[in-house]
Amino acid sequence: MQKYEHQAQYYETDQMGIIHHSNYIRWFESARIRYMQQIGVEYGDMEKSGIISPVLEVNCVYKSMVHFGDVVEILPKIEKYNGIKLELSYTIMDKATQQLRACGSSKHCFLNSEGKPVSLKKEAPVFDAAFRSAMENERTV
């Protein structure tokens, strides 16, 4: 799986000249959407089929600072998936030094257009198969 790469932008910095903590959560989302594309699950296609995937929980542990201009690599990984809920972990590394910058996780569920939980296995078997296959492939790496 390709890592998601991001170059830290000036507008993402805070008064101390480091990347503001809220941006890491945005990076997780960008990495998650790219990851889903790589495994064959286009988020837009999910929405068109009437399925949304809201965030239930997000967590980030900051290990070292990212500064303007730094390039980081973000590696998402499926930790748990059961067709109704999805949990991913994220590792953010400095591309040049491979120093750990942050790690975290996010939990999601799948809902229909009325906001009721759905099982991808029943409602969207193609998406379900893609998530299950990705999770299995990650376990064998």
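The values are calculated or read from the model by the stated rules, or taken from the named source; none is laboratory data. Being a predicted model, the structure only gives us computed values, none of them experimental. Note: ideal-geometry Cβ built from the backbone for every residue, glycine included; neighbour counts use all protein chains shown. Protein only, heavy atoms only, side chains kept; ligands, DNA and RNA dropped before computing areas. Shrake-Rupley method; radii C 1.70, N 1.55, O 1.52, S 1.80 Å.
Data table
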{"quantity": "Dipole in debye (nearest 20) - the chain, about Cα centre, beta carbon charges: Lys, Arg +1; Asp, Glu -1", "calculated": "340 debye"}
{"quantity": "Charge tally in the Cβ shell below 14 Å around Y24, where Lys, Arg are +1 and Asp, Glu are -1, Y24 excluded", "calculated": "-2"}
{"quantity": "Principal-axis tilt of helix 22-39 within the chain, Cα atoms, nearest 10 degrees", "calculated": "50 degrees"}
{"quantity": "Subset of K3/K77; K3/K122; K77/K116; K85/K121 violating a 21 Å alpha-carbon distance limit", "calculated": "K3/K122; K77/K116"}
{"quantity": "Per residue value of the accessible surface for the range 101-141 (all protein chains in place, 1.4 Å probe), Å²", "calculated": "57 Å²"}
{"quantity": "Stretch gain in nm, segment Q98-M16, where the contour uses 0.36 nm per residue and the Cα spacing is subtracted", "calculated": "27.2 nm"}
{"quantity": "Inter-centroid distance (Cα atoms) of the range 83-141 relative to the range 1-69, Å", "calculated": "13 Å"}
{"quantity": "Listed residues Y62, Y24, Y90, most fluctuating in the chain (Gaussian network, C-alpha, under 10 Å)", "calculated": "Y62"}
{"quantity": "Neighbour net charge for H108 - beta-carbon separation under 11 angstrom, K R +1, D E -1", "calculated": "+1"}
{"quantity": "Rg [Å, one decimal], Dmax [Å, integer] - the range 7-141, C-alpha atoms", "calculated": "16.1, 49"}
{"quantity": "Mean separation of Cα contacts under 8 Å, 6 or more apart, over the residue count of the range 64-105: relative contact order %", "calculated": "37 percent"}
{"quantity": "For the chain: relative contact order, % (alpha-carbon pairs under 8 angstrom, 6 or more apart)", "calculated": "26 percent"}
